[in-house]
Amino acid sequence: MPHPHADLEITDLRTEYRVNPLGIPTRQPRFSWRLSSARRGARQVSYRILVASSPELAQPGKADRWDSGRIRSGESIAIAYRGKPLSGSERGHWAVLVGDETGAETRSTGEAWFETAPDESDWKARWIGWTAGWNGQALCFRRSFSLDRRIARARIHVAGLGYYELRLNGAKVGDRVLDPAWTAYDKRILYSTYDLTDSLRPGENVLGVLVGNGWHGMPKLIAQLMLWDDAGRLEVIATGTEPVFVQPRWLVAPSPITQNSVYDGETYDARLEIPGWDEPGFKPPPAKTPEAWRLMGAVPVDAPGGRLLPQDMEPIRVVGQLAAVSIREPSPGVHVFDFGQNIAGWCALRLAGNAGQKVVLRFAEILAEDGTIDQGNLRTARATDTYILKGGAMEYWEPRFTYHGFRYVQVEGLPSAPDGATLVAKIVRSQVEASGDFSCSHPLIDRIHQNARWTEAGNLHGLPTDCPQRDERMGWLNDLTVRAEAAVRHFHLPRLYAKFMDDITDTQDASGAIADTAPMKWGNRPADPVDASYALLPWILYAHYGDARTLAGHYPNLTAWFHCLERLSKNGVLEHSLYGDWAPPIAEGRNGSAHPAHTPAALMSTGYFLYLARLLSRIAGALGKRGDARRFQKHEARIARAFHETFWDGARGVYGSGNQACLVFPLWLDIVPDSRRKACMDSLVADLHAHDLHVTTGNLCTRYLFEVLSREGRGDLAIGILSQTSYPSYGYMIEHGATTIWERWELGGTGMNSYNHPMYGSVALWMHRDLAGLDLDELAPGFSRARIRPRIPPQIEHARASLQTVRGRVAVSWRKSGPSLLLDLEIPANMEAELILPPEYSGALTEGGTVLAPTSKGGKIPGMGRIAKDPGGWKLALGSGAYHFEVGQA
């Protein structure tokens, strides 16, 4: 008989943050699930995980891999496997039983499974390629094989450097593009796993792999097909294990992609296509005919040097497309397509014409005065795709091994006048899930948030890049220091950030120094101390996603980085600096450069040195390293004393030069003594008014400015800054057509002017966390406790934000109604929340019509814990559920 309160549902079962994953790298997979219930205060009090070799055995008393037993715990995120040792290429099926606070027990439904990657010793494949020419071209690899028995399970593991496309029997396998994700290939190469079981056919089958240059420069391939029959017998077909010159099995040839480059684009000559090259029954044209396909035996090539590891993060995919909003012809035969939105990706071309006709596509973010594209800000990147027609019927083409950042495409050489079907823009990025949303009563702020979201989306390509268009596209750590927390309000990033942590650690040398870009193609080592993102990322992974494994795995490297900086410091002050508060308005730059002229580099470096110590103290505490936590607290206090002694100007009552950055940064760090706080705020407010509510800050302190203003009770000034449309401001960007966030406050220039750059998009965090009020308690990992604390400026009438967390959707919405504030709150099952109402709204408080305070008749409501009032306003402890509060002014 069902329990009277058994309305709990278990949903979204994941292994390693993935649904039913193939090829996971760990032998101790972590299991997560969400709970759903309409009941207030619904929470888990116990769980029992069952892992078995078949779905039927995932039952109590039958689980043959692991039965955790009943564990009294509310944890539902990233619980590690503790069963019998798992082998390579093993599938496990799992289920979970959850006990709730009512005493009811619920079992998960639906299919949940995982499959481990092969052991490294299972790999027989070796790297192959072609070393005798065809430089710059993408290569086609072909392998024919026959099947004379039924295959019960087929897996292929592939890495093609720089990028590859896998094909089977004439069709593309899967929908990944620009695979694998970029890494330091001398440290790690990522391979992907595909299930081919249902795609194979009796008799002849053909594997085809196109491999382009990508970030590697010379096409190389490693692949291993593993075939199990009904009896469990394994057959392996692998690259580099068979004869090369005598009846070679792996064949290679030049492809129609005659040139391909991440920066420069792709050239495709359709006349060089050989139909059927990747299909059974293919017979190459005779050797001496014009159509001859130079099919050779692929040869062994040097391995890149790094470990071959499973790619455990979201692949890059085409996630959407845009039609042109206008097509103009600024000069005869030159057509400019405007897609209305700055994106990362490429274009698909549809046309018919004569063989040999050349169509050139040039990509840009802005236009010149004459209506043609302006590629000046791309520096050396050509960002040009070329298609050469084969002639005859309608032809369709899109590139495979490049991508561009663009809004405009200039097309030259079209055989006929274009229409809307001629060119379609494809949006390309890592296919991470959307996580959050925001809106408010201020249309310009909503537009800024929209632009920030598009910008973040355009810069997720296997790592968080700085820009998608010019000759850079690097993983800059200084930008990420302020961008990282905003990004997780837009997208679900536990896997991408974990991968990027490995990228950063791969740059670390024996002294503990890390580089300022990862993977490191160029940059500096040791990095600028502002690159606190190295410690911030694993803390985000822990706080938001409950990932303690990444935190622990990188802890020795993080402490080594701190001690590297410690050796560079003197008496707690760190003068080592490369960028500081980078790219302020040009008048604030040193000789017009992006280097700040009025914000002392040592002030920024020392402040981040302190911040790193603080983060490491938190991390050590979370890992149970109490002695380390105390030591880093002492480091933080020591550095804070040095900061005050060095940068406080007592005569003027300011830090450093007294500009906005110098005042905001110590206030944001919360190290300003109470005796100095008012003077700092007065100076900051005066400076803002002196600049007519315009910023003088760079990429770091701009974010902190908004947060400090709201937390010090001057949210009105934050709104005033965001309401500006004159230079320098976000509104100025939008007034000049921006659909993404710019790198510089200025329009124009050819040196460093990306128009799709996420660092100033960090303001989106303030919108979610301060304006709407949606935050988390960082000391309650895996988003187990939400903190709802809106800071409400007078100019805003309503705001809302939501976030899909690992536990479910949390949402807040508030609206002014006369003298009252109406606030709706949604907390998922198995999450707690602390609600802190603004001090200006500390009058009568009701929920759903029930009076809670302050009268003696005030009662309690289901799901509510303690209620208290202090000078900061009402504070309530809440369980899960939907709530509707109304509170009057003080």
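The values are calculated or read from the model by the stated rules, or taken from the named source; none is laboratory data. This is a predicted model, so every value here is computed, not measured. When we count neighbours, we look across all protein chains shown, and the Cβ atoms used for this are built from the backbone with ideal geometry, even at glycine. Calculation scope for accessible area: heavy atoms of the full protein, side chains included, ligands and nucleic acids excluded. Shrake-Rupley method; radii C 1.70, N 1.55, O 1.52, S 1.80 Å.
In this structure, is Leu234 aliphatic (A, V, I, L, M), open to solvent by 10 Å² or more (accessible area, probe 1.4 Å) and closer than 15 Å to Ala152 by Cβ? Full working, then the answer.
On the way: aliphatic (A, V, I, L, M): yes; open to solvent by 10 Å² or more (accessible area, probe 1.4 Å): yes; closer than 15 Å to Ala152 by Cβ: yes.
When the stated conditions are applied, Leu234 passes them.
To keep it simple, each residue is scored yes or no on (1) at pLDDT 95 or above; (2) within 27 Å of Pro25 (Cα to Cα).
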position: Phe500; (1), (2): yes, yes
position: Val530; (1), (2): yes, no
position: Ala560; (1), (2): yes, yes
position: Glu588; (1), (2): no, no
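Of all residues in region 823-833 being part of a strand (DSSP E or B) and either surrounded by 19 or more Cβ atoms within 10 Å (Cβ to Cβ) or on the phi > 0 side of the Ramachandran plot (or both), which is nearest to the chain's Cα centre (by Cα)? Even if it seems obvious, please write down each step before you answer.
Start the filter on region 823-833 by keeping residues that are part of a strand (DSSP E or B), which leaves 823-827, 832-833.
Within this subset, residues satisfying the condition of being either surrounded by 19 or more Cβ atoms within 10 Å (Cβ to Cβ) or on the phi > 0 side of the Ramachandran plot (or both) are 823, 825, 827, 832-833.
Working: Leu823: 31, Leu825: 27, Ile827: 25, Glu832: 26, Ala833: 26 Å.
Taking the candidates together, the pick is Ile827.
Which count do you get for residues in region 75-92 that are within 13 Å of Thr15 (Cβ to Cβ), part of a loop (DSSP other than H, G, I, E, B) and within 28 Å of the chain's Cα centre (by Cα)?
Total meeting the criteria: 3.
Out of Trp539, Trp522, report the one residue that is modelled with pLDDT under 95 and either more than 20 Å from Tyr608 (Cα to Cα) or part of a helix (DSSP H, G or I) (or both). Write out each step before concluding.
Values: Trp539 fails: modelled with pLDDT under 95.
None of the other options fit; the residue is Trp522.
Considering region 566-578 alone, what residues qualify as being touching a residue at least 24 places away in the same chain (Cβ under 8 Å), outside any helix (DSSP H, G or I) and open to solvent by 30 Å² or more (accessible area, probe 1.4 Å)?
Asn571, Glu575, His576, Ser577, Leu578
Looking at region 463-482 only, could you name the residues that are in contact with a strand residue (DSSP E or B) (Cβ under 7 Å, 6 or more places away or on another chain), open to solvent by less than 10 Å² (accessible area, probe 1.4 Å) and either without any contact (Cβ under 8 Å) to a residue 40 or more places away in the chain or not aliphatic (A, V, I, L, M) (or both)?
Within region 463-482, Asp466, Cys467, Pro468, Gln469, Gly475 meet the criteria.
Kindly establish whether Val424 is more than 25 Å from Arg744 (Cβ to Cβ) and in contact with a helix residue (DSSP H, G or I) (Cβ under 7 Å, 6 or more places away or on another chain). Don't jump to the end; show me each part of the working.
Values: more than 25 Å from Arg744 (Cβ to Cβ): yes; in contact with a helix residue (DSSP H, G or I) (Cβ under 7 Å, 6 or more places away or on another chain): no.
Criteria not met by Val424.
Within the bounds of region 98-109, is there any residue that is over 30 Å from Ser36 (Cβ atoms), at pLDDT 95 or above and small (Gly, Ala, Ser)?
no
Pairs, please: C-beta under 7 Å, at least 6 apart or cross-chain, first residue farther than 25 Å from Ser32 by Cα and open to solvent by 10 Å² or more (accessible area, probe 1.4 Å) and in region 796-813, second assigned to a strand (DSSP E or B) and at pLDDT below 95?
Close Cβ pairs satisfying both conditions: none exist.
If you go through region 299-310 one residue at a time, do you hit one that is open to solvent by 20 Å² or more (accessible area, probe 1.4 Å), part of a loop (DSSP other than H, G, I, E, B) and over 30 Å from Ile24 (Cβ atoms)?
no
Does region 50-59 include one or more residues that are surrounded by 15 or more Cβ atoms within 10 Å (Cβ to Cβ) and touching a Pro at 6+ places or on another chain (Cβ under 6 Å)?
no
Can you tell me which residues in region 476-504 are of a type in the set (Lys, Arg) and either in contact with a Pro (Cβ under 8 Å, 6 or more places away or on another chain) or outside any helix (DSSP H, G or I) (or both)? Outline the logic, then answer.
Filtering region 476-504 for residues of a type in the set (Lys, Arg) gives 483, 489, 495, 499.
Listed by number, the list holds a single entry, Arg483.
Please state which of the following conditions Lys187 fails to meet, knowing it meets all the rest: (1) touching a residue at least 60 places away in the same chain (Cβ under 8 Å); (2) touching a strand residue (DSSP E or B) at 6+ places or on another chain (Cβ under 6 Å).
(2)
Just to be sure I understand, how many residues within region 266-289 are within 29 Å of His216 (Cβ to Cβ), among the polar types (S, T, N, Q) and not in a strand (DSSP E or B)? Don't jump to the end; show me each part of the working.
So in region 266-289, the residues within 29 Å of His216 (Cβ to Cβ) come out as 266-279, 282, 284.
Subset that is among the polar types (S, T, N, Q): 267.
Narrowing further to those that are not in a strand (DSSP E or B): none.
The total comes to 0.
Hey, among the residues in region 502-523 that are among the hydrophobic types (A, V, I, L, M, F, W, C) and under 16 Å from Leu536 (Cβ atoms), which one's surrounded by the most Cβ atoms within 10 Å (Cβ to Cβ)? Explain how you work it out, then say what you get.
Pass one, region 502-523, residues among the hydrophobic types (A, V, I, L, M, F, W, C): 504, 510, 513-515, 518, 520, 522.
Going one step further and asking which of them are under 16 Å from Leu536 (Cβ atoms), we end up with 504, 514, 518.
Numbers: Ile504: 29, Ile514: 25, Ala518: 31.
Looking at the filtered set, the residue picked out is Ala518.
Which of the residues spanning region 584-628 are without any contact (Cβ under 8 Å) to a residue 24 or more places away in the chain and of a type in the set (Ser, Thr, Tyr)?
Of everything in region 584-628, those that are without any contact (Cβ under 8 Å) to a residue 24 or more places away in the chain and of a type in the set (Ser, Thr, Tyr) turn out to be Ser593, Ser617.
Considering each residue of region 688-700, count those that are buried (at least 18 other Cβ atoms within 10 Å of the Cβ) and more than 35 Å from the chain's Cα centre (by Cα), and give that number.
0
If Asp581 meets every condition in (1) in contact (Cβ under 8 Å) with a residue 40 or more places away in the chain; (2) assigned to a helix (DSSP H, G or I) apart from one, which number is that one?
Of (1) in contact (Cβ under 8 Å) with a residue 40 or more places away in the chain; (2) assigned to a helix (DSSP H, G or I), only one is false for Asp581: (2).
Residue by residue, here is whether (1) within 28 Å of Leu139 (Cβ to Cβ); (2) out of contact with any Leu (no Cβ under 9 Å at 6 or more places or on another chain); (3) open to solvent by 50 Å² or more (accessible area, probe 1.4 Å) holds:
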position: Val336; (1), (2), (3): no, no, no
position: Phe339; (1), (2), (3): no, no, no
position: Ala344; (1), (2), (3): yes, no, no
position: Cys347; (1), (2), (3): yes, no, no
position: Phe363; (1), (2), (3): yes, no, no
position: Ala368; (1), (2), (3): no, yes, no
position: Arg382; (1), (2), (3): yes, yes, yes
position: Ala393; (1), (2), (3): yes, yes, yes
position: Val428; (1), (2), (3): yes, no, no
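With the structure loaded, tell me whether His563 is open to solvent by 20 Å² or more (accessible area, probe 1.4 Å) and in contact with a helix residue (DSSP H, G or I) (Cβ under 7 Å, 6 or more places away or on another chain) or whether it fails that test.
Values: open to solvent by 20 Å² or more (accessible area, probe 1.4 Å): yes; in contact with a helix residue (DSSP H, G or I) (Cβ under 7 Å, 6 or more places away or on another chain): no.
Here the answer is no, as His563 does not meet what is asked.
Hey, among the residues in region 244-265 that are in contact with a strand residue (DSSP E or B) (Cβ under 7 Å, 6 or more places away or on another chain) and part of a loop (DSSP other than H, G, I, E, B), which one's most open to solvent (accessible area, probe 1.4 Å)?
Narrowing region 244-265 to residues in contact with a strand residue (DSSP E or B) (Cβ under 7 Å, 6 or more places away or on another chain): 244-245, 248-260, 264-265.
Then keep just the ones that are part of a loop (DSSP other than H, G, I, E, B); that gives 244-245, 248-249, 255-256, 264.
Details: Val244: 30, Phe245: 176, Pro248: 39, Arg249: 105, Ser255: 2, Pro256: 17, Asp264: 43 Å².
Out of the qualifying residues, it is Phe245.
Of the residues Glu266, Glu279, Glu273, which single one is charged (D, E, K, R), in contact with a Ser or Thr (Cβ under 6 Å, 6 or more places away or on another chain) and more than 18 Å from Arg126 (Cα to Cα)?
Glu266
If you go through region 847-890 one residue at a time, how many are under 24 Å from Leu776 (Cα atoms) and of a type in the set (S, T, N, Q)?
Residues that pass the stated criteria total 1.
Examine region 160-183 for a residue that is aliphatic (A, V, I, L, M), at positive phi and touching a residue at least 60 places away in the same chain (Cβ under 8 Å), and state whether such a residue exists. First the steps, then the outcome.
Residues of region 160-183 that are aliphatic (A, V, I, L, M), as a first pass: 161, 166, 168, 171, 173, 177-178, 181.
Filter once more, so that each one left must be at positive phi: 178.
Filter again for touching a residue at least 60 places away in the same chain (Cβ under 8 Å), leaving 178.
Yes; the residues of region 160-183 include at least one that is aliphatic (A, V, I, L, M), at positive phi and touching a residue at least 60 places away in the same chain (Cβ under 8 Å).
Among the strands (runs of 3 or more DSSP E) confined wholly to region 726-822, which include 1 or more residues that are under 20 Å from Phe885 (Cβ atoms) and in contact with an Asp or Glu (Cβ under 6 Å, 6 or more places away or on another chain)?
It comes to 785-788, 798-805, 808-817.
Would you confirm whether or not region 41-48 contains a residue that is open to solvent by 30 Å² or more (accessible area, probe 1.4 Å) and in contact (Cβ under 8 Å) with a residue 60 or more places away in the chain?
Among the residues of region 41-48, at least one is open to solvent by 30 Å² or more (accessible area, probe 1.4 Å) and in contact (Cβ under 8 Å) with a residue 60 or more places away in the chain, which makes the answer yes.
For Gly214, work out the one condition from (1) open to solvent by less than 30 Å² (accessible area, probe 1.4 Å); (2) in a loop (DSSP other than H, G, I, E, B); (3) under 19 Å from Arg142 (Cβ atoms) it doesn't fulfil.
(3)
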